Amino acid sequence: MKREIFRRGLLCSVAAVLICAIFSAFILQREKKSEWETSLQNGLTLVSETMGQNPVAEDYTTAAKTFARTFAGARLTIIDREGKVIGDSHQDPATMQNHADRPEVQQALKTGIGVNHQRFSQTLGTDMSYIAILGSDGYVYRAAQHVGGIDKSFTAILPAILASVLLAVAVAAWGAGRMAKKVAQPVELAAQGLRDINAGQYDKHLTLPEYDELAPLIVSINSLAENIENTLQDLEDEKKKSRFLLDNIADGLIAVDTDGHIVTINRAAREYLQAGGDLSGKTLSHATYDRQILEAVQRVCQGQGSGQVFDLTGTQQEGPGAQVLSCSVLPVRDSWLAGRQGGTRMGAIIVLRAVTEERLRQQMRSEFFQNASHELKTPITSIGGFAQLLQSGMVKDPVTRQRYLDKIVAESERMGELIGDILKISKYEESPDRDRDQRVDIPAVAQEVLERLQPAAARAQVKTALHLDGSDLCIAGSRKDLEELLSNLCDNAVKYNRPGGTVDVRLRSLPDGVQITVADTGIGIARVHLDRIFERFYRVDKDRNKQVGGTGLGLSIVKHIANRYGGTVEIQSAEGRGTTLTVTLRR
């Protein structure tokens, strides 16, 4: 650009100088001719006046020669009205032709002065410039000058004109260079600013140039840089927000394009798949080798089906504590999957959700219904059998009939108790949060439960005792919950005790809760059963359970209530040494 400005500036300057030089030369030449004409005219006037005072024929030739010497190179010819030459500075008048037909002579006779800037002289055989005046004596005094002689005076000053032109061109070149540099400097700064923007340096601001015409350009570049910086900052903030949201949702999320390359993956998906490192742009196999996921994504990206949902197998650790993941592979078509290629492309969204607890609840629910059906089937079958015998009339003995009726009542009560415990467990599962409307006095509830169990304890020859440790033994909750918890614990301690045994209930105040401990000296529980003792319908000794009764749901209900109060249940037991159950409830 600088070179172009210099070139054009120099050309314009040279053209202007040449035009001025030519115009000046033309004016100088014109002035020179005008000066020559004026000088000759004055000389001719002087000669005509002199000759008009002394009209001697011989003096005309003398006067003409004197004039020629005065005006170097000029020729004077004196002509009468008929065109006859009566005097000449260069030739004998007698030998010269009649000049009546000369244009300048004719013009002088008519107007008093005649000028012919260039005409071929037949007498001298060359181009001459003529000026003629009509004297007071009636003669025409004509001066002639070689055209070359007139131009010669102009040619003499031509070197000076050329030198001036060259000097002007040199000055123009210097000025054009400085002008090009000065004009190009803000443009170069603007270009550098654009290069800085392209390189990502948006914090540099250009200073305003001294040229008002370039100021809007610099202002626009500064504004562009600021807008780009603000836009990029907004995009970066939105990207951080999106990444924050993606990384803080519980479900794993992976987006892949048609070629199976990962577009985005959040933290949960990395943790679920145990994948590390930067996975963006890499193939899905870098995150997981699970065949189910890879095949499902391939089918979806190829447009086969509307998506798949399945549980993952083999992606996490195996065994009882293995995590179960539900995987949803959904098709998606959008422009962001195509990137710079434009258009839209097919891709896939993978959603991973931890469903271990959900699947465990489903399994427990299934087992629960199976066990409940089995437990209900026994009393129903027994009741139906005794009822059919009584209905058939085959039982005649009143004592036997009464025994059968007692069996029907006992089985009905057992079935009612079982259904009641099932409804309690269902209630605790549906409403896991406790009610805080009441302030329950736990010692009072424990005393009431022990008094209610006193007849059964007396029959089993078991002694009960209540021990209080601390003054603040109240808790916010439901009295029914606490009654149910203590009843199950104390009832089991009495049922599975031995004659002469004891049941000790100890209530202890804690800074953030209450600890309930029920210890018995009963038959105890073998170590092999301790891990499953809180499962529904689980029984250690089924024969003894049939003797003492029970639904097999008591300890499961205790655990549900403890969980409801944010607490824990711990068991310590050894076969033949008794059992100690400790429940901690939060206030």
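Key figures for this structure:
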read-out: Long-range HN-HN contacts of VAL355 with modeled amide H, under 5 Å; value: VAL324, LEU325, SER326
read-out: Kirkwood-based Rg to Rh ratio, segment 204-275, C-alpha trace; value: 1.35
read-out: Calculated Rg and Dmax of segment 399-481 using C-alpha coordinates, Å; value: 18.3, 56
read-out: Which listed pairs, of LYS407/LYS559; LYS241/LYS282; LYS424/LYS463; LYS495/LYS559, have C-alpha distances above 26 Å, in listed order; value: LYS407/LYS559; LYS424/LYS463
read-out: Heavy-atom accessible area ranking, 1.4 Å probe, most first, across MET346, MET51; value: MET346, MET51
read-out: Calculated P(r) tail over 15 Å for segment 390-433, as whole % of Cα pairs; value: 60
read-out: Residue-level accessible surface for ARG81, protein heavy atoms, 1.4 Å, Å²; value: 140
read-out: Convex hull volume of segment 66-138 per residue (C-alpha atoms, cubic angstrom); value: 93
read-out: Heavy-atom accessible area per residue - segment 418-513, 1.4 Å, Å²; value: 53
read-out: Sequence-distant residues sharing a close amide H with THR502 (under 5 Å, placed H); value: LYS463, THR521
read-out: Label-to-label distance, nm, for residues given as ARG353 and ASP406 (7 Å Cα→Cβ offset); value: 5.6
read-out: Bridge type composition, segment 407-521 - antiparallel percent by DSSP, nearest 5; value: 65
read-out: Fraction of accessible area attributable to carbon and sulfur, segment 400-458 (%, probe 1.4 Å); value: 48
read-out: Accessible area in the full protein assembly, largest first, 1.4 Å probe, for TYR141, TYR404; value: TYR404, TYR141
read-out: Most to least packed among 284-293, 525-534 [average Cβ atoms within 10 Å]; value: 284-293, 525-534
read-out: Percent accessible area from carbon and sulfur atoms, segment 463-520, protein chains only, probe 1.4 Å; value: 48
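The values are calculated or read from the model by the stated rules, or taken from the named source; none is laboratory data. Keep in mind that what you see is a predicted model, and the values were worked out from it rather than measured. Cβ coordinates were reconstructed from backbone atoms using ideal geometry, including for glycine residues, and neighbour counts include every protein chain displayed. Surface accessibility is based on the protein's heavy atoms, side chains included, excluding ligands, DNA and RNA. Shrake-Rupley method; radii C 1.70, N 1.55, O 1.52, S 1.80 Å.
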